[in-house]
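Following: one structure in structure tokens, then a few remarks.
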Amino acid sequence: MFPVSINSLLLCVLMGLAGGGWAAEQPWRFSGFASQGLSNTSDNRYFGKSDDRLSFDFFEAGLLAERDWGEHLSLSGKLAYRAPYAIQAEHLSVDHLLLDYLAVERTHWYAGLRLGRVKLGEGLYGSSRDTSYTWPTALMNDIIYSNKLLPLYLATDGINLYAQRDFSRWSAALELTSGRSQVPGSAVEDQLFYSLIPAQTTHTDKLINSRLELSNPGSGSRLVFTWLYLETEFDISFEGLVRTITPVHIRQLSLSFSQQWRSWRIDVEAVQGSNTVFASQARVEPLSGPRVCAIDCSQLTEILSAEDRPSGKRGGYNLSLHYLYPGGLDLYLSVGEHWDNNQDKHGDAFEAGTGLPGHIKYSASYGLGFIYPLASHWDIAAELRYNEGTSALMFVDNPVLSEHLSKHWMQTFLRLTYHF
Amino acid sequence: MPIGQQQAPFRLFCLLLCLWTGLTRATDPQKVHIAVAASNPQSSVSRSELIAILSLQKRYWDNGERIVILVPPITNPDFSQFVIEHTGLYPYQLQRRWDRSRFAGRGRAPIKVSSPEEALQLLKSTPGALAFLPSLLMDTEVKHVPSLN
């Protein structure tokens with residue numbers, strides 16, 4: 001996710017603090033987990049080579065360290081080893097490492113700031129998206145919490161301002177985050193131009209994330225608005241074309257609602273986003289022939305037309321219905337859809353214009369699964385998921401140009417977790 | 001025999017049963033209650049307040065003191081029963097919320113205590129603390145606070 005040098009530095013800081021003199025005055029709190037998955041996909045690949053009968057590629061472990069200095073200052077850091085995500089350059093990453101300063105506290109409201117590698121808020125569950133055993137379902141839904149963009153939407157090196165106000169029945173929590181993140185090369189390849197641009201890792205020049213949560217604990221309701229805006233640049237260097245740096249702006253808005261009523265809980269989340277490629281600054285020569293059609297033409301057209309305009313808006317929704325048993329069993333059904341272009345939801349125009357299958361432009365999934373605490377430190381989770389379309393798949397696992405992707409495919413996933 | 005007279009023994013039995021179960025519940029030494037320091041002016045905790053506290057959303061008492069939550073293991077049957085009765089939530093749901101908050105670096109999870117005695121000691125020494133103690137464990141420095149539905 002991030003260069004190993006930064007990871008090593010942050011890890012040294014974390015471990016140094018853990019073993020330092022401060023520890024003698026007030027103990028650190030450590031928590032951790034390790035998850036091993038067993039997955040199978042009927043055709044395409046998900047979590048590595050999961051089309052090989054049964055795959056054990058999914059493995060994730062994390063160590064969380066926390067410490068308080070008085071009531072206003074605290075530190076929290078999490079080191080993770082994550083195997084299944086081909087999008088990450090390194091298996092080892094520091095998911096977050098932040099100093100939290102509670103600046104103002106009153107009876108009914110408080111405010112503070114976090115500095116360091118801080119989490120981005122996305123939907124109901126985005127802030128702990130990187131900790132598999134806290135997922136609300138056995139497999140995280142790809143509609144709101146895209147696996148493809150996990151490192152991009154997870155955390156940023158910057159500042160997070162937060163405030164919460166309690167009213168008589170409701171409470172409102174607001175967070176504003178800004179910083180700089182690394183965009184993994186495989187994410188660039190996956191999201192924009194596939195294999196026509198050289199492999200590259202870049203940074204976000206500007207990243208702003210805001211999150212507003214309204215909740216009514218007495219009635220079990222939560223409503224969350226999230227807005228994300230980021231600017232980055234890519235080095236577009238097609239063979240035979242002018243090499244240039246092209247700015248790209250990404251916007252994403254999501255709305256989430258959760259309601260619990262007795263043993264039932266429903267989570268509904270919707271997302272809308274757009275990528276704007278500033279083509280006029282690219283000044284590339286027009287491409288022609290079959291090669292143009294061998295890539296994501298809807299986005300390439302933006303470059304070739306040399307106009308600054310947004311690509312088609314993408315969108316999606318996910319709904320999950322849970323039934324909770326007193327013993328800890330959480331049984332659920334989930335359904336979700338995502339499309340890369342609101343004007344061409346099923347990729348028909350894309351298919352007609354490019355000759356490529358339209359199903360690589362959308363994804364729909366229908367899942368049935370459960371999470372169950374086997375013992376106080378052990379959880380088991382499983383899901384059976386039917387998928388249509390392949391836009392949620394990782395390009396690095398499923399290169400479009402070299403591998404045929406199946407439109408209809410099934411996933412079976414089992415995850416065993418130990419946590420403390 | 002009139003119908004009313006026929007039912008009299010049954011009514012008496014029901015009345016005694018209710019009294020017995022009521023007395024048993026009221027004096028059940030293992031039954032868990034919310035406990036705070038005797039100096040805490042809080043006289044009761046409403047259902048929505050309790051959910052907000054256990055969901056880590058409400059952080060302060062009305063007197064401005066920060067709430068420090070002391071919880072037994074969620075597998076403790078008396079605690080589980082209390083949580084289900086007074087919040088409508090299952091304890092493992094709370095545990096998952098606490099874990100999400102901690103792993104996001106966004107808050108302090110409740111302090112786990114291994115025994116009621118440890119909870120009592122921490123309650124007496126920690127300003128703003130809230131614990132879940134059985135009836136039998138009383139002390140002059142702490143008080144039970146009713147949870148109002």
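Could you list which residues have their amide H under 5 Å from that of A:L393, counting only those 5 or more apart in sequence or on another chain, with H placed in the peptide plane?
none
Averaged across the residues of B:43-53, what count of C-beta atoms belonging to other chains lies within 10 Å of each residue's C-beta?
Working: counts 0, 0, 0, 1, 2, 7, 3, 2, 6, 7, 1.
What the average comes to for B:43-53 is 3.
Taking square-rooted eigenvalues a ≥ b ≥ c of the alpha carbon gyration tensor, is the stretch B:46-149 rounded, prolate or oblate, where a/c under 1.5 means rounded and, failing that, a/b exceeding b/c means prolate? Can you show the working numbers first?
Values: a/c = 1.36, a/b = 1.21, b/c = 1.12.
Rounded.
Express in nm, to one decimal, how much length is gained between A:L331 and A:Y386 on full extension, taking 0.36 nm for each residue of separation and deducting their alpha carbon distance.
Working: separation 55, 0.36 × 55 = 19.80 nm, distance 1.69 nm.
Length gained between A:L331 and A:Y386: 18.1 nm.
Determine ³J(HN,Hα), in whole Hz, for all residues of the stretch A:376-382 in sequence, where each value follows from phi through the Karplus function 6.51 cos²θ - 1.76 cosθ + 1.60 and θ = phi - 60°; x replaces Gly and Pro.
Karplus values, whole Hz, x for Gly and Pro: 4, 10, 10, 10, 10, 9, 8.
Taking H placed 1.01 Å from N in the peptide plane, check which residues at least 5 places from B:V142 or on another chain put their amide H under 5 Å from its amide H.
Correct list: B:A38.
With label points built 7 Å along Cα→Cβ from the Cα atoms of B:S114 and A:R53, find their separation and express it in nm.
Result for the modelled spin labels: 4.5 nm.
Taking K and R as +1 and D and E as -1, what net charge do the other residues with C-beta under 10 Å from the C-beta of B:S55 add up to? Please list the in-between numbers first.
Working: positive: A:R222, B:K58, B:R97; negative: none.
Neighbour charge sum, excluding B:S55 itself: +3.
Return the long-range amide H neighbours of A:S406 (sequence gap of 5 or more, or a different chain), with a cut-off of under 5 Å between placed amide H atoms.
When sequence neighbours closer than 5 places are left aside, the close amide H contacts are A:N44.
As a quick test, which of the pairs B:K31/B:K143; A:K361/A:K407; A:K313/A:K407; A:K206/A:K361; A:K119/A:K361 have an alpha carbon distance above 18 angstrom in this structure? Before the final figure, lay out each step's value.
Details: B:K31/B:K143 15 Å; A:K361/A:K407 11 Å; A:K313/A:K407 22 Å; A:K206/A:K361 27 Å; A:K119/A:K361 29 Å.
Exceeds cut-off: A:K313/A:K407; A:K206/A:K361; A:K119/A:K361.
With θ set to phi - 60°, apply the Karplus curve 6.51 cos²θ - 1.76 cosθ + 1.60 along the stretch A:322-328 and write out the HN-Hα couplings as whole Hz, x wherever there is a Gly or Pro.
Ordered by residue, 3J(HN,Hα) equals 10, 10, 9, 9, x, x, x Hz.
A short reminder: the numbers here are calculations on the coordinates, not readings from a lab. From a predicted model like this one, the values you see are computed outputs, not experimental measurements. For neighbour counting, all protein chains shown are included, and Cβ atoms are generated from backbone atoms with ideal geometry for every residue, glycine included.
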